[in-house]
1. Within the group THR98, THR93, which residue is free of Cβ contacts under 8 Å to residues at least 12 places away in the same chain, more than 28 Å from ILE210 (Cβ to Cβ) and surrounded by 11 or more Cβ atoms within 10 Å (Cβ to Cβ)?
2. Just name the residue that is modelled with the lowest pLDDT out of those in region 372-392 that are assigned to a loop (DSSP other than H, G, I, E, B) and farther than 17 Å from LEU425 by Cβ.
3. Which of the residues belonging to region 484-518 are among the aromatic types (Phe, Trp, Tyr) and without any contact (Cβ under 8 Å) to a residue 40 or more places away in the chain?
4. Looking at ALA64, ALA155, can you tell me which residue is touching a Pro at 6+ places or on another chain (Cβ under 6 Å), surrounded by 15 or more Cβ atoms within 10 Å (Cβ to Cβ) and closer than 30 Å to THR204 by Cβ?
5. Which residue pairs have Cβ atoms under 6 Å apart, sit 6 or more places apart or on different chains, and have a first residue in region 430-455 that is in the same structural domain as ALA482 (by TED's automatic domain parsing) and a second that is among the β-branched types (Val, Ile, Thr) and surrounded by 17 or more Cβ atoms within 10 Å (Cβ to Cβ)?
6. Based on this model, can you work out whether GLU108 counts as exposed (fewer than 15 other Cβ atoms within 10 Å of the Cβ) and at pLDDT below 80?
7. Say whether the condition of being outside any helix (DSSP H, G or I), modelled with pLDDT of 85 or more, more than 30 Å from HIS421 (Cβ to Cβ) and of a type in the set (A, V, I, L, M) is met by at least one residue in region 353-361.
8. Does ASP146 fit the bill of being in the same structural domain as SER46 (by TED's automatic domain parsing), surrounded by fewer than 14 Cβ atoms within 10 Å (Cβ to Cβ) and of a type in the set (Asp, Glu)?
Amino acid sequence: MNRRAAVAAALRRWTAAGWRAWRSSLQLRIGAITMLVAGVVVVVVSVVLFNQIKGQLLQVKRNAAIDQAQSGVAYAQSQVSGIVTGDAASVRTTLARTVRELQSRNGEAGNFDTVLVYRTGDVARSAGSELTLYRNLPPDLVAAVDAGTQVWQYATVPEGSGRVPTLLIGAPVPIDGPGGEQVDLYYAFPLDQEQQTLSLVRSTVAISGIALTLFVVGIGVLVTRLVVGPVRRAAQGAQRLAEGRLEERLAVSGSDDLARLASSFNAMADSLQRQITQLEALSMLQQRFTSDVSHELRTPLTTVQMAAEVLHESRGEFDPALARSAELLYAEVNRFEALLSDLLEISRYDAGAAELEAEPTDLGPLLRRVAGDLSGLADRHGCELQVRTPDRPVIADVDARRVQRVLRNLVGNAVEHGAGHPVELTLAANRTAAAVTVRDHGIGLNSEQAQHVFDRFWRADPARVRTVGGSGLGLSISLEDARLHGGWLQVWGQPGQGAQFRLTLPLTAGTELTGSPLPLRPVVVRRVRSPR
């Protein structure tokens, strides 16, 4: 059983390897298809050619044998016409002499054996060059000749220790005598020479067919290689171009279609290089502008923030209108400061300057701390934060500050859009990864909104006013934080069913994720009851 399982496993591996090679190699497919088509054509042509040769060879043999048999019938008639009826010795002598004379007559049909049979009623006397030949004649052939018909038939006749294919010809010999007497003449022409000739022809046709098939396949593979080679080089060049090697170009030789392909590829590469260079310059300019503006705004914003704090602390001395203005100024200045901080953070990601300070961290206390910090916000929105963590510690190599920022953004958004329903925070882990899901039961997201939820400054409803005071960059920064860890940040949502965000992080820094311990889609989707 083990050996059978090992053979089955090896067959599956070979089949899979062959299928991969078939799918990945155009040259292999064309070679195999060419071999199949050429093989079928060669087999059909070989069979037709062999059958024609066989038919012509046997027809020539049969015509020559029939002519010789007719000549033998005429000679036998002249010899046995005066045979003495009832004289057994005279009959045997006449038959034997006639057979010897017939055997001495050479013809174009080649070697043969002869049998001459004299019948009187139910008594048959025979004489032949081969003693057992008459006993081995097919009964239907003998019956046809007895009925007065000249017939021929292919049969296998015993000879020595084997059987030889033979052409048998039987014919009645007309005699002048009383009724009840009949003389039959049989010729047996062995076909061993023809069989050897046909075997030689079959071998020659098979060898020629195999050689022709291999020749055609070789031509097909060579032509395919001449075509596939430049295409393969173009594919490799395109792959290197996609990897960022913008200086990649193809060698152009000649002026045929492949040369025009290489020229078109090079023109495309030049255009891409120019456009990407321009985009990189614009991106660097934009990043530098964002960074410079953010830094330049830091100093005046600090001054304005200090003045706003003084006014906010002294709002009790103002009349109600001025006090309200001081509160609005203080809130908006703080929001502007948060927006400026997020702009600086996103500019660091754009510039590739963000660094991960990972250290072993227990994610359970971190999640509960985030829930505690946002409990006041949840109370103001009338919702409950439900935290579920495993009993065992979940230790992961993460930057605790960045993970806490991601969780704060996710929980804050869930509270804002949860419509007062409970928000569920779940932590789980397996051997390679840890995951946190934040589930709300609010207005939800459709598929189009889910595609843009991580875009910068994007809102599902532009008319909706932010109540948490976010900058519009929170989820974008959270996505960059997750990617910096080598993790995933994904979202699921349905209108009226709420939304669920899932943060998946590797337990060991630098490990590639292959799966998540928590499903992205909630196991049980709450059904919205229709009003009665």
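1. Only one candidate qualifies: THR93.
2. In this case the residue turns out to be GLY382.
3. Scanning region 484-518 gives a single hit, TRP488.
4. Residue meeting the stated conditions: ALA155.
5. That search, which allows pairs on different chains as well, returns ALA433/THR504; ALA434/VAL394; ALA435/THR504; THR437/THR426; VAL438/VAL411; ASP440/VAL423; ALA450/VAL491; VAL453/VAL491.
6. Yes, satisfied.
7. Yes - at least one qualifying residue is present in region 353-361.
8. no
The values are calculated or read from the model by the stated rules, or taken from the named source; none is laboratory data. Treat the numbers as computed from the prediction; the structure is a model and nothing was measured. Virtual Cβ from ideal backbone geometry, glycine too; neighbours counted across all protein chains shown.
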